[in-house]
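Asker: Below: one structure in structure tokens.
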């Protein structure tokens with residue numbers, strides 16, 4: 001008997017019929033002897049429906065008071081779906097109780113619409129489990145020290161589930177979603193992409209940060225911090241699938257580096273076309289120049305991803321970075337109107353038609369020549385590399401976005417991901 | 001400057017456009033210098049939508065665990081509408097904050113789906129008002145001592161508003177609804193019915209208990225207990241109607257017996273066709289007989305309204321009472337199969353095609369001959385009276401339901417309600 005946390009996304013909770021299926025699946029796990037805690041999202045479409053109503057009435061300027069009300073509003077979606085799931089479990093003959101975030105003291109900071117979990121009081125949940133009940137806890141939300149409802153931002157239910165699993169010291173946190181695991185790359189781009197049976201926490205973090213929609217990145221960080229074994233699996237299998245088969249399905253995000261994992265050098269190919277690059281050419285290469293550029297960008301609340309500064313040439317250097325494509329125009333304006341004149345830079349150039357492609361793999365740590373193999377594969381396809389950035393488990397390149405699919409397929413093949421199961 | 005509580009029903013909150021109108025109206029009151037607390041119902045249809053989802057998933061047998069979840073579910077409707085109203089007020093440039101029942105400690109007992117308010121902690125509300133904010137408090141709900149959400153039953157938002165007004169010692173509690181006040185009788189039955197400018201608390205209680213849909217009876221009881229001046233008025237006037245005119249509109253439910261009120265003997269004619277009568281004929285007239293009959297009925301959870309026992313004749317008496325028409329079959333069966341045989345009663349007869357018509361008026365206390373005037377008016381129309389029950393401020397008769405409209409019109413005229421404004 002183990003304590004298990006299940007998390008179900010909005011699609012899995014999208015109708016009473018689907019909620020009933022979730023209840024049957026959870027009841028199966030409970031009847032197999034597990035202590036079950038379930039974290040559901042709101043029914044699909046509900047959060048959007050509520051926020052659309054708010055938007056119709058919203059003040060011209062979004063401030064803290066408005067964001068507090070957005071949270072008070074949006075949190076109702078998960079409270080309703082959680083109660084419905086508890087009712088469905090009761091309908092399946094299983095004792096069950098649902099709690100909103102504040103009722104089991106999921107304490108957060110007061111950053112409305114993007115709060116961070118500080119602590120969870122698990123006493124009440126344990127008492128209910130000890131009575132043989134399935135405990136449902138609303139995803140996405142918590143409560144601040146003053147008793148205001150907070151929400152964790154989009155995808156926050158993943159984080160809630162992991163936080164609950166960490167607080168309860170659960171054996172595993174199963175994230176049921178509409179994909180059946182983590183793939184070597186997006187199967188829509190590379191049909192030969194294969195599901196990974198396991199992926200390391202660090203790799204998953206890189207995959208998630210590259211725009212993979214499988215898991216919210218904060219939930220992966222949380223899982224890493226508290227070493228919560230996390231499994232991503234499909235909620236669209238039949239509810240009465242054999243429980244042992246189900247328990248081994250999907251992708252396990254692991255915190256133990258086992259021997260199997262050592263064998264694969266590269267686990268997956270990630271990509272992201274939401275970026276744009278900006279370069280300041282001919283900047284005087286003086287101490288503090290990076291701060292003067294990026295400090296101003298950060299003050300404008302623009303997040304920067306890759307940063308590259310070339311070696312100096314005749315006291316001048318070129319400085320490049322990438323930002324989200326939505327911030328491209330604003331960042332360009334800022335550089336052209338304020339930063340370049342101030343620093344005496346020669347020119348500001350930018351390009352929004354780029355993409356970032358990365359190879360990710362914990363095996364890269366101990367293997368040389370991985371990056372050069374990547375560059376060769378791209379060069380053989382005639383793809384020009386515009387920027388490069390590397391870390392211990394990831395090598396990323398910026399290329400023209402028109403080559404994205406070609407690059408991903410070439411790399412997927414070059415690193416034997418078409419055949420090898422990591 | 002006074003502290004005023006407004007309550008808006010589901011129809012008034014039925015769309016973003018209507019919520020905006022409510023916000024404009026409340027903002028007008030706040031800008032006139034009042035401290036404003038607003039209690040909204042859920043958007044119309046929302047509570048039914050949620051409960052319909054629950055019904056699809058419900059266990060075969062409704063128990064406490066299920067009812068707890070129903071409350072957890074249904075309470076989201078008011079939390080959402082309250083947040084939307086706060087947002088709409090912010091959209092009108094008015095500082096505003098919304099609170100769910102648990103956040104301002106509307107403590108109730110643990111009777112899920114029909115909880116009763118025990119206390120309200122008004123400190124937080126007062127602090128927000130002192131900062132110039134309009135405070136929105138969810139209607140319909142509270143929290144029990146264990147932190148479970150409770151709801152007060154249908155129409156519970158009226159009770160919430162009155163309880164908040166009592167706790168805050170508000171100057172007046174304004175119940176905005178889809179009728180423009182309390183009438184001498186239902187205008188659909190008597191087109192000459194007139195709106196009452198004031199009605200006493202006791203009269204209102206009798207009117208409400210007779211099935212008038214204007215106010216939930218518990219809210220009137222609560223208002224009586226705490227002497228909260230209550231005004232029923234229309235939410236369908238233009239929001240920018242002159243505030244002094246608005247403040248005098250509708251019907252004031254008053255706790256002070258002023259001179260005006262003494263003048264009217266009868267304030268209104270109430271009626272109710274939801275009842276059925278049952279008679280036990282030839283019951284031995286022994287001590288405790290009433291308890292033996294009604295105790296068994298109460299144990300079957302059937303509520304009894306009128307009770308009449310005739311004088312004894314040859315040691316036998318006839319015993320009659322009325323129940324809600326929905327309970328008629330069950331009550332008849334109970335009497336025929338168990339009670340009548342046990343008591344040796346001669347016969348059980350019943351009739352569901354009856355109605356109850358009452359004259360209500362605080363002036364009856366000090367006027368003789370009111371009941372006889374009622375009986376004469378009915379007799380002049382050839383209406384046979386089947387049962388009579390009287391109290392200090394009400395005289396009710398049970399008649400054949402086919403005469404209901406005729407009786408109401410005759411009484412409305414006989415007591416000069418067509419012309420006289422109470």
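The numbers here are math on the coordinates, done by the rules we state, and not lab data. Quantities reported herein were computed from a predicted structural model and do not represent experimental measurements. Don't worry about glycine lacking a Cβ; one is built from the backbone with ideal geometry, like all the others, and counts go over all protein chains shown.
Asker: Could you sort A:151-162, B:361-372, A:301-312 so that the peptide with the highest average Cβ count within 10 Å comes first and the rest follow in order? Don't jump to the answer; show the numbers that get you there.
Answerer: Numbers: A:151-162: 25.7, B:361-372: 15.7, A:301-312: 14.1.
The peptides rank, most packed first, as A:151-162, B:361-372, A:301-312.
Asker: Next up: Going by a ≥ b ≥ c, the root eigenvalues of the Cα gyration tensor, does the stretch A:265-325 fall in the rounded group (a/c under 1.5), the prolate group (a/b larger than b/c) or the oblate group?
Answerer: It comes out oblate by the Cα gyration axes.
Asker: Under the Kirkwood approximation applied to all pairs of distinct alpha-carbon atoms, what is the hydrodynamic radius of the protein assembly as shown in Å?
Answerer: 31.5 Å
Asker: Compute the label-point distances linking residue A:391 to its equivalents in the other copies; points lie 7 Å from Cα along Cα→Cβ; give nm, one decimal, shortest first.
Answerer: Inter-copy label distances (nm, one decimal, shortest first): 7.3.
Asker: Quick check: pseudo-label points 7 Å beyond the Cα along Cα→Cβ at residue B:391 and residue B:298, how many nm apart are they?
Answerer: Computed distance between label sites residue B:391 and residue B:298 equals 1.7 nm.
Asker: Quote to one decimal, in nm, the extra length available between residue B:146 and residue B:188 on full extension: 0.36 nm per residue of separation minus the C-alpha distance between them.
Answerer: Full extension of this stretch gives 10.5 nm more.
Asker: Evaluate the Debye formula for the stretch B:64-108 with equal point scatterers sitting on the alpha carbons, no solvent, and hand back log10 of I(q)/I(0) at q = 0.27 Å⁻¹, in q order, two decimals.
Answerer: For the requested q values the scattering log ratios are -0.96.
Asker: Next up: Using the C-alpha gyration tensor of the stretch B:174-255, what are the square roots of 5 times its eigenvalues, in whole angstrom, with the largest one first? Let's see the in-between values first.
Answerer: Details: eigenvalues 76, 57, 22 Å².
Equivalent ellipsoid of the stretch B:174-255: 20, 17, 10 Å, largest first.
Asker: Enumerate the residues in the stretch B:176-201 having an amide nitrogen under 19 Å from the point lying 7 Å beyond the Cα of residue B:325 toward its Cβ.
Answerer: What the label zone holds, given the 19 Å backbone N cut-off, is B:186-190.
Asker: Under 10 Å, Cα contacts only: if you run a Gaussian network model on chain A, which one of A:108, A:177, A:317 comes out with the highest mean-square fluctuation?
Answerer: Top of the fluctuation ranking is A:317.
Asker: Right, here's the next one. Compute the helix-to-body angle for A:64-91: its Cα long axis versus the longest principal axis of chain A, expressed 0 to 90° and rounded to tens.
Answerer: Around 40 degrees separate the two axes.
Asker: Can you give the relative contact order of the stretch B:260-422 as a percent, counting alpha carbon pairs under 8 Å and 6+ residues apart?
Answerer: Relative contact order comes out at 32 percent.
Asker: Each label point is 7 Å from the Cα along the Cα-to-Cβ direction; what then is the distance between the points at residue B:347 and residue B:380, in nm?
Answerer: Result for the modelled spin labels: 3.5 nm.
Asker: Can you tell which of B:71, B:318, B:178 shows the greatest fluctuation in a Gaussian network model of chain B with Cα springs below 10 Å?
Answerer: It is B:318.
Asker: Working from Cα positions, state the angle (0 to 90°, nearest 10) between the long axis of helix B:16-31 and the longest principal axis of chain B.
Answerer: So the helix axis and the longest Cα principal axis differ by about 70 degrees.
Asker: Compute the FRET efficiency between residue A:62 and residue B:418 as 1/(1 + (r/R0)^6), taking r as their Cβ-Cβ distance and R0 = 51 Å, and round to the nearest 0.05.
Answerer: 0.35
Asker: So what does the Cα-only Debye profile of the stretch B:1-123 read at q = 0.20 Å⁻¹, as log10 I(q)/I(0), no solvent term?
Answerer: -1.16
Asker: If each label sits 7 angstrom from Cα along the C-beta direction, how far apart, in nm, is residue B:300 from its counterparts in the other copies?
Answerer: Going from nearest to farthest copy, the values are 8.0 nm.
Asker: Ok, one more. Calculate the length of the line joining the C-alpha centroid of the stretch B:267-335 to that of the stretch B:219-242, in whole Å.
Answerer: Comparing the Cα centres of the stretch B:267-335 and the stretch B:219-242, I get a distance of 36 Å.
Asker: Relative to the longest principal axis of the C-alpha atoms of chain B, give the angle of the C-alpha long axis of helix B:370-380, reported between 0 and 90° and rounded to the nearest 10°.
Answerer: In chain B, helix B:370-380 runs at an angle near 70 degrees to the longest axis.
Asker: Sticking with this one: For label points placed 7 Å from Cα toward Cβ, what is the shortest-first list of nm distances from residue B:32 to its copies?
Answerer: 6.5
Asker: Still on this structure, I have one more. What ranking, highest mean first, results for peptides A:77-87, A:374-384, A:34-44, A:194-204 when packing means the other Cβ atoms within 10 Å averaged over each residue?
Answerer: Packing proxy ranking, top to bottom: A:77-87, A:34-44, A:194-204, A:374-384.
Asker: Another question, then. Please say if the stretch A:258-422 is rounded, prolate or oblate, where rounded means a/c under 1.5 for a ≥ b ≥ c the square roots of the C-alpha gyration tensor eigenvalues, and otherwise the choice is prolate for a/b larger than b/c and oblate otherwise?
Answerer: Prolate is the answer for the stretch A:258-422, as a/c is 1.5 or above and a/b outweighs b/c.
Asker: Give me the inter-chain shielding for A:66-77: mean count of other chain Cβ atoms within 10 Å, whole number please. The partial results should precede the final answer.
Answerer: Numbers: counts 5, 0, 5, 13, 2, 1, 14, 10, 2, 5, 13, 2.
The shielding value for this peptide is 6.
Asker: Separate question: Out of the DSSP beta bridges found with both residues in chain B, what percent are antiparallel (nearest 5)?
Answerer: 65 percent
Asker: Taking the rotation that carries B onto A, look along its axis and tell me which residue of B has the beta carbon nearest to it, distance in whole angstrom.
Answerer: In residue-and-Å form, the answer is B:76, 2.
Asker: Also, quick follow-up: Any chance you could list the semi-axes, whole Å, largest first, of the equivalent ellipsoid that the Cα gyration tensor gives for the stretch B:341-388, using √(5λ)?
Answerer: After scaling each eigenvalue by five and taking roots: 30, 15, 10 Å.
Asker: Another question about this same structure. Tell me the relative contact order for chain A as a rounded percent, counting alpha carbon contacts under 8 Å between residues six or more apart.
Answerer: The value is 14 percent.
Asker: A further question follows. At 7 Å along the Cα-to-beta-carbon direction for both residue A:154 and residue B:244, put a label point, then send me their distance in nm to one decimal.
Answerer: Using points 7 Å along Cα→Cβ, the separation is 5.3 nm.
Asker: Within a 10 angstrom radius of each residue's Cβ in A:56-64, how many Cβ atoms of other chains show up on average? Whole number is fine.
Answerer: Mean inter-chain Cβ contacts per residue within 10 Å come to 5.
Asker: Among rounded, prolate and oblate, which fits chain A when a ≥ b ≥ c are the square roots of the eigenvalues of its C-alpha gyration tensor, a/c under 1.5 means rounded, and a/b larger than b/c means prolate?
Answerer: It comes out oblate by the Cα gyration axes.
Asker: Counting only other chains, and only Cβ atoms inside 10 Å, what mean value do you get across the residues of A:142-152? Before the final figure, lay out the partial values.
Answerer: Working: counts 0, 2, 0, 0, 2, 7, 3, 6, 0, 0, 0.
Across the residues of A:142-152, the mean count of other-chain Cβ atoms within 10 Å is 2.
Asker: Rank-order A:20-28, A:324-332 by packing density, defined as the average count of other C-beta atoms within 10 Å over each peptide's residues, highest first.
Answerer: A:20-28, A:324-332
Asker: Using bins 5 angstrom wide from zero, how does P(r) for the stretch A:114-270 break down, in % of all Cα pairs?
Answerer: 2, 8, 16, 20, 20, 16, 10, 5, 3, 1, 0
Asker: Considering Cα pairs under 8 angstrom that are at least six residues apart, work out the relative contact order of the stretch A:1-160 and quote it in whole percent.
Answerer: Relative contact order comes out at 25 percent.
Asker: Counting DSSP beta bridges with both partners in the protein assembly as shown, what percentage is antiparallel, nearest 5?
Answerer: Details: 90 of 142 bridges.
Percent antiparallel among DSSP bridges in the protein assembly as shown is about 65.
Asker: I want to verify a result. In a Gaussian network model of chain A, Cα cutoff 10 Å, which of these has the top mean-square fluctuation: A:295, A:45, A:250?
Answerer: A:295
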